């Protein structure tokens, strides 16, 4: 009991220190201080990497708890759909998956997506303010048109555009779980993570990409979905 109390004190006592260091980051420094103070805000005991160990796999909190008729959005494919394929195996093909990529996917990808109850759309996912290209897609508008008032899993890896897309998207939609890869400098990365955290999300996983320190996979779970997926709060520090 005493050990638990001391551990809690040390963890909570560091929250403002962590937040202060993050807020002092400059755009041109390396990720040394960033990763030194990065820590989880919640724990998911049943978290697994869905989609294998290579590129394309994502950490998901307790996917066995996904509801029947679950809804999944996957932004950024590049003909790698192992995540969607394995997630559907876990969910016994009960999810509806909407996939997006700026490039036309190969025939075998299209065929596989159809087989796993998926729907593909080609276009450049962007924010409403940058909606200037003929094939640009504002994901919030897509969600509204389909009437997807509840999204179970929202995966986004769109090579840097997440910095403008996510804040706008969260103004209208709050998926249960967000799986996001970032591509920004330390300052901009913290700003994005803080924005997500402020929307009642808890960081439950992060994984640095071996391709470079600015590439990192983060998993967040919404406060309203913690009990549903068996996740437990630690403490918030990304948004204070």
Exercise. Give the percent of DSSP beta bridges with both residues in region 56-193 that are antiparallel, rounded to the nearest 5.
Key: 0 percent
Self-check item: Fraction of antiparallel bridges per DSSP, region 23-132 only, in percent to nearest 5
Solution: 30 percent
Practice problem: For region 2-233, give the share of DSSP beta bridges that are antiparallel, in percent and rounded to the nearest 5; count only bridges with both residues there. | Solution: 50 percent
Quiz item: Considering the chain as a Gaussian network with a 10 Å cut-off on Cα pairs, which listed residue, 145, 119, 84, attains the greatest mean-square fluctuation?
Solution: 145
Exercise. With runs of 4+ DSSP H residues as the only contributors, calculate the mean residue ellipticity of the chain at 222 nm using -39,500 (n - 2.57) per run, divided by the residue total and rounded to the nearest 500.
Key: -9000 deg cm²/dmol
Exercise. Express the relative contact order of region 2-233 as a whole percentage, based on alpha carbon pairs under 8 Å and six or more residues apart in sequence.
Key: 22 percent
Quiz item: Anyone know which of 60, 110, 72 comes out most mobile in the 10 Å Cα GNM of the chain?
Solution: 110
Quiz item: Of 31, 154, 169, which is the most mobile in a GNM of the chain whose springs link Cα atoms less than 10 angstrom apart?
Solution: 31
Quiz prompt | Mean separation of Cα contacts under 8 Å (6+ apart) over length of region 153-203, as relative contact order % | solution = 44 percent
Quiz prompt | Highest to lowest packing among 33-46, 183-196, 14-27, scored as the average C-beta count within 10 Å | solution = 183-196, 33-46, 14-27
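Bear in mind that the values in this text are calculations on the coordinates, not laboratory data. Being a predicted model, the structure only gives us computed values, none of them experimental. Virtual Cβ from ideal backbone geometry, glycine too; neighbours counted across all protein chains shown.
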